[in-house]
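Asker: One structure follows; several queries about it will come next.
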Amino acid sequence: MKTLVLFLIALLSLPAWSQAEADQQARLAEIKQRIESLQLELNQVRGQRDQLLKDLEENEKDISGLHRRINQIKKDMRSRSDKLRELQREQKQLQEARRSMQRRVEQEIAAAYRLGRQEQIKLLLNQQDPQNIARQLRYHDYFLQERSHTIDSYLETLASLETVSSSIEREQLVLQGEREQLQERQSKLRSAQKNRKRTLDKLAAKLADGSGELKQLQGDRSRLQKLIDEVGRAIASLVNPGDQKPFARQRGKMQWPVKGRRANAYGQRRTNGITWKGVTIRAAEGEPVRAIHRGRVVFSDYLRGHGMLVILDHGDGYMSLYAHNQSLTRNIGEWVESGETIARVGNTGGLTQSGVYFEIRHRGKAKDPTAWCRS
């Protein structure tokens, strides 16, 4: 009875849950639209330097997309290669089974041909005891059944071998096609990287004086703050799951998003007078960037000055930011667990070295990551 009551309660609450989920999805779609509008405003081209930054953005987006496609092709190729090796092992086993059965089958077929249909007649003529005749006939039937089973097994082995051989040939053709795709994407990637270098060289010439670099850094920081403020306002109406572990309780217990050397300290002053609001972690390009805590992706796109950027909302006003990625693996609205890969280490946003710029924010204000993540 108790089980039935619980089932009826769940059934009655289903429409309400579905409506709540639909409302959440509608809010997420609205958030995405508001962010896209803000990006158009933040990325307006007002001069030659802005145009170079816009060119850099297009270069780096192309490179990021190519990296994602190359990684996917490599993943597919690994999977297909594993399948091909398994098929080849199966083929080898079938070939060994065929060889071991072939001689026996040949002997059975030769015996059946010599004796023809006269075996049962000979048994009847050569035996006088009825019980002995019946017993001999049963043995003879068992012998025929075993012979038939041996031949059927052999034929099934041949059919399986033909099927596996066809599958191997098909997999090899697909794998060859994927290799060609990979070579094509890698060629395009080299070309896009050359374009990026030319753009960076032009941009460096424009920022030759310190004032130009300071102006760009101030603009980058302003864009990020506007984005964070807008995201914070947009997600205020979102409802987090009741089982969400509070972010504040994990202070000092969380892992860093990537293993590597920290190139700066939080709050450290730069040569141009601006202080760091986060930490840059040097790591090899392509290494996985992991979520420090369970959260929802509220931004996953390119932001000028920060490259391919991911922002996670952890509830209670807490966010974590991961910038300068090579490629992004999660989209707006997706939930990620602590330790799950959300991006790949890169150097987008105009960096010359690969790494991840990492921030923790609470209600829009930067916090020292070293107080939250274990050293």
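The values are calculated or read from the model by the stated rules, or taken from the named source; none is laboratory data. Keep in mind that this is a model prediction, so the values were computed, not measured. When we count neighbours, we look across all protein chains shown, and the Cβ atoms used for this are built from the backbone with ideal geometry, even at glycine. Keep in mind that these areas ignore ligands, DNA and RNA; they rest on the heavy atoms of the full protein, side chains included. Shrake-Rupley method; radii C 1.70, N 1.55, O 1.52, S 1.80 Å.
Asker: Pairs, please: C-beta under 7 Å, at least 6 apart or cross-chain, first residue free of Cβ contacts under 8 Å to residues at least 60 places away in the same chain and in the range 286-303, second among the basic types (Lys, Arg) and part of a loop (DSSP other than H, G, I, E, B)?
Answerer: Here the result reads Arg294/Lys245; Val297/Arg330; Ser300/Arg330, each pair linking the range 286-303 to a residue that is among the basic types (Lys, Arg) and part of a loop (DSSP other than H, G, I, E, B).
Asker: Another question about this same structure. Hey, among the residues in the range 264-295 that are touching a Lys or Arg at 6+ places or on another chain (Cβ under 9 Å) and polar (S, T, N, Q), which one's modelled with the highest pLDDT?
Answerer: So, considering only residues that are touching a Lys or Arg at 6+ places or on another chain (Cβ under 9 Å) and polar (S, T, N, Q), the one modelled with the highest pLDDT is Thr280.
Asker: Among strands (runs of 3 or more DSSP E) lying entirely in the range 264-368, which contain 2 or more residues that are open to solvent by 40 Å² or more (accessible area, probe 1.4 Å)? Talk me through it step by step, then tell me what you get.
Answerer: Working: elements: 279-282, 288-290, 295-303, 307-315, 318-328, 341-345, 355-362, 365-367.
Those strands (runs of 3 or more DSSP E) span 365-367.
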